[in-house]
1. Rounded to the nearest 10 Å², what accessible area does A:T34 have for a 1.4 Å probe in the complete protein model?
2. Which whole-Hz ³J(HN,Hα) couplings does the range A:184-200 yield from phi under the Karplus relation 6.51 cos²θ - 1.76 cosθ + 1.60, θ = phi - 60°, glycine and proline marked x?
3. If you fit an axis through the alpha-carbon atoms of helix A:140-155 and take the longest principal axis of the Cα set of chain A, what angle between them do you get, 0 to 90°, nearest 10?
4. How far is helix A:9-19 tilted off the main Cα axis of chain A, in degrees rounded to 10, range 0 to 90?
5. Can you send over the solvent-accessible area of B:K4, 1.4 Å probe, protein chains only, in Å² to the nearest 10?
6. What residues qualify as long-range amide H neighbours of A:V349, i.e. H under 5 Å apart, gap of 5 or more or another chain, H built at 1.01 Å from N?
7. Charges only on Cβ, +1 for Lys and Arg, -1 for Asp and Glu: so what's the dipole of the range A:276-399 about the Cα centre, in debye to the nearest 20?
8. In debye, nearest 20, what is the charge dipole magnitude of the range A:74-215 about its Cα centre with +1 on Lys and Arg Cβ and -1 on Asp and Glu Cβ, if you could check?
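The values are calculated or read from the model by the stated rules, or taken from the named source; none is laboratory data. In this text the structure is predicted, and so the values were computed from the model without any measurement. Cβ coordinates were reconstructed from backbone atoms using ideal geometry, including for glycine residues, and neighbour counts include every protein chain displayed. Note: accessible area is taken over every heavy atom of the protein model, side chains too, but ligands, DNA and RNA are not part of it. Shrake-Rupley method; radii C 1.70, N 1.55, O 1.52, S 1.80 Å.
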Amino acid sequence: MSCRVALEASHAVAEAVRMADVDVIAAYPITPQTHIPERLAEMVADGELSAAYIPVESEHSALSACLGAVAVGARTFTTTAGQGLELMHEVVYVASSMRYPMVMVIANRALSAPLSVWGDHSDVMSVRDTGWIQVFAQNNQEAFDLVLWGFRVAEDSRVLTPVMVNLDGFTLSHVTEAVILPEQEVVNSFLPPFHYPFVLNPDKPATHGAFAAPDIYTETKISQEVALRKSKDILLQGWQEFGDMFGRHYRPVEIYRVEGAKTLLLTMGSFTETAKMVIDARRDRGELVGLVSLRLWRPFPFTEFRQAVKEADTLIVLDRSISFGGQGGPVCSEVRSALFSEPKRPVVVSFVGGLGGRDMAEEDFGYVLDRGREVAAKGSPELFETVGVRGEVSGIRDL
Amino acid sequence: MDSKLIEVRWHGRGGLGAVTSAELIARAAIAEGKYAQSFPSFGPERRGAPLQAFLRISDEFIRLRTNIYTPDVVVVIDPTLLRATDVTSGLKADGKIIINSKKTPGEIKSEFGYNWTLAVVDATTIARETIRLPITNTAMIGAFLRVVDVVKLDSLVEQLHERFGSRAGGNIDALKRAYDEVAIME
């Protein structure tokens, strides 16, 4: 029997890692991720989880230790946030390029300066192009589920790519709510033991991550790119099997009340849930609005995304980070480019909001819907608009 | 908005257990099969500094993931906060305010002019006499449960056993005494 318990999202992640029976955890605590390594260290110390917990002196070392662990075939987990992910950055590329499967949870946090411990998506966007599979959780249950799913798909011999599970710092990481924990046996049947096919072994010496001259570097990178794109089918299959086994179904692009919608709002992460309430309220008033959220960010689900938005007149994208000097938000930029070659495509309107922990209340989502449609009706000349920003910022609109 | 949704804001100081209060009630509600969320005011926490904690309880899954701006109930676990912070900010017109104070509800009402249902309990004295510490959170949970009939007292007792183990006894006494002693003025 599964059981329904109250868990903070951070502790739900730790439970998933425990049930996945990991062999090695190497992590450095940083707000707002701290409760995850804290709980895992406690589990290891109390004998609830038989794993090596490696306390390291930095995030760079945390992920480096994980590389070594995977190389000898260990199921491996790490977690970080914000500045920690930045310090880890160099090794983030190495993990995916060496095709070392593992799961890393990011409790999404803003980047300095000015110093902010609060949530936004600046950290994950800075590693967008590092070659990891990247997904977003919207609530505590999803944080738990996506960690289990992450190990399953990362370790698939056709994938062998690390998975990054994003959960919003504080607005998810520090919230306690109900989570359904499955039976260990069900987890075991979903997640078979890890058999890394290229285990380092002194009896059969091999080199991982060797030097690559110009005559081979391109081929290694393109093979990585091909593998990441091809992994999508396995990711979907993993979600299908997860749904069959646990009764909760996940899709690369989640849709909500999109039937006949003229206007769609696009969100990622925990903001999606509040946005659903606003969509419900607007639908009750007869407005033809719906919601699209990207669960899978990399590899980008082009087919599913185009399918989801093709009937809409207006697509309003809400980013939680800025691409400085670019089109505004990195998600909007991606979405615009994904639609550019489509014969019929919605007008795309870009908003940035929720930076550095700034709350987005229901009224703020309402504003985004109203203002987005107003801008679209005028032909969308504006680059992007920032929700609720104060001061002399009108220059952005004039671009 | 789900009409059955109850939103509660706790005002405390770092170390007094406001965050734990919200969490224990959420846990008890979830154990009863309800839906609940608890979360702290996000950011660095310092012992003694004013802080808030939040609690939502509903019969349905709670999607709202914002701060609580218009609470149904406000709980003030340290009386000095009545002057230090705007504890009634956004409190709904038909809302309730529960205060730890040695004063009577009438005295508080004439001092602050509150027009909400007012409940007062001397949680500091109760805490000193039960757990021998001026930590008022478990007593304030008792007062809350009396004023807001949303979670059973027994469900909380179970949570206190789970959380405090061998030290649960004093906390259960504090919970029950405050439940009995809280003075309510509609």
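1. 40 Å²
2. 4, 5, 5, 4, 4, 6, 6, 10, x, x, 7, 10, 6, x, 10, 4, 5
3. Between the helix axis and the principal axis of chain A, the angle is about 50 degrees.
4. The helix A:9-19 is inclined about 30 degrees to chain A.
5. 110 Å²
6. A:L315, A:I316, A:V317
7. The dipole magnitude comes to about 360 debye.
8. 280 debye
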